[in-house]
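Colleague: Mind looking over this structure? Questions follow.
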Amino acid sequence: MQFNYPLVFRILFWLALIGSYIFAVVPQDMAPKVGSLSDKSIHFIAFAVLTLLLRFAYSITWFQTFLLLFVYAVFIEFSQFFTPNRSAELLDVVADVIGIGIGLLFYPFIQRLIMSYTKYEHH
């Protein structure tokens, strides 16, 4: 049985996207604490992961990936402007953009790993 990587990545991407939005708009006093990570670290990691999942899930360019996730980052901050005990912060978008950039940089290396694994798996 062949493993359907694009389908798995699509499911993971949408779960991560929906989950990240829910965590972003939950009032701050109700939001779960993620260890000792700072808010900016969480933004950075979330957007690096979203970038990788989006690139593996769909056949889109790096620029399309950047543009879609940048719009999502701005949308989150816009949403937080209207959420109790939350505030919109430009530095959150900066952390998101850095995460997107790191995700895009790591994508070719992880893609090679997956390709070599799937090639090995079929021999």
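Colleague: Is it the case, given these coordinates, that LEU37 is under 22 Å from GLN111 (Cβ atoms) and either touching a helix residue (DSSP H, G or I) at 6+ places or on another chain (Cβ under 6 Å) or among the hydrophobic types (A, V, I, L, M, F, W, C) (or both)? Step through it out loud before you land on a result.
Modeller: Working: under 22 Å from GLN111 (Cβ atoms): no; either touching a helix residue (DSSP H, G or I) at 6+ places or on another chain (Cβ under 6 Å) or among the hydrophobic types (A, V, I, L, M, F, W, C) (or both): yes.
The answer is no for LEU37.
Colleague: So which helices (runs of 4 or more DSSP H) stay within region 1-97 end to end and still have 2 or more residues that are aromatic (Phe, Trp, Tyr) and free of Cβ contacts under 8 Å to residues at least 24 places away in the same chain?
Modeller: 5-25, 62-81
Colleague: Here are some conditions: (1) closer than 23 Å to ILE11 by Cβ; (2) among the aliphatic types (A, V, I, L, M); (3) crowded, with 16+ Cβ neighbours inside 10 Å; (4) in contact with a Leu (Cβ under 9 Å, 6 or more places away or on another chain). ALA46 meets all but one. Which one does it not meet?
Modeller: (4)
Colleague: Another question about this same structure. Can you tell me how many residues in region 22-41 are of a type outside the set (Lys, Arg) and either surrounded by 13 or more Cβ atoms within 10 Å (Cβ to Cβ) or modelled with pLDDT of 90 or more (or both)?
Modeller: Of the residues in that region, 9 qualify.
Colleague: Yes or no: ALA16 within 25 Å of ILE114 (Cα to Cα), small (Gly, Ala, Ser), touching a Leu at 6+ places or on another chain (Cβ under 8 Å) and surrounded by 16 or more Cβ atoms within 10 Å (Cβ to Cβ)?
Modeller: Taking the combined requirement at face value, the residue satisfies it.
Colleague: Can you find a residue that is surrounded by fewer than 16 Cβ atoms within 10 Å (Cβ to Cβ), modelled with pLDDT of 95 or more, assigned to a helix (DSSP H, G or I) and under 14 Å from the mean Cα position of the chain (by Cα) anywhere in region 106-122?
Modeller: yes
Colleague: Among the residues of region 99-112, which ones are farther than 18 Å from ALA24 by Cα and aliphatic (A, V, I, L, M)?
Modeller: Once the filter is applied, which keeps residues that are farther than 18 Å from ALA24 by Cα and aliphatic (A, V, I, L, M), region 99-112 yields ILE102, LEU104, LEU105, ILE110.
The values are calculated or read from the model by the stated rules, or taken from the named source; none is laboratory data. Computed from a predicted model, the values in this text were never measured in an experiment. Ideal geometry is used to build each Cβ from the backbone, glycine not excepted, and the neighbour counts take in all protein chains shown.
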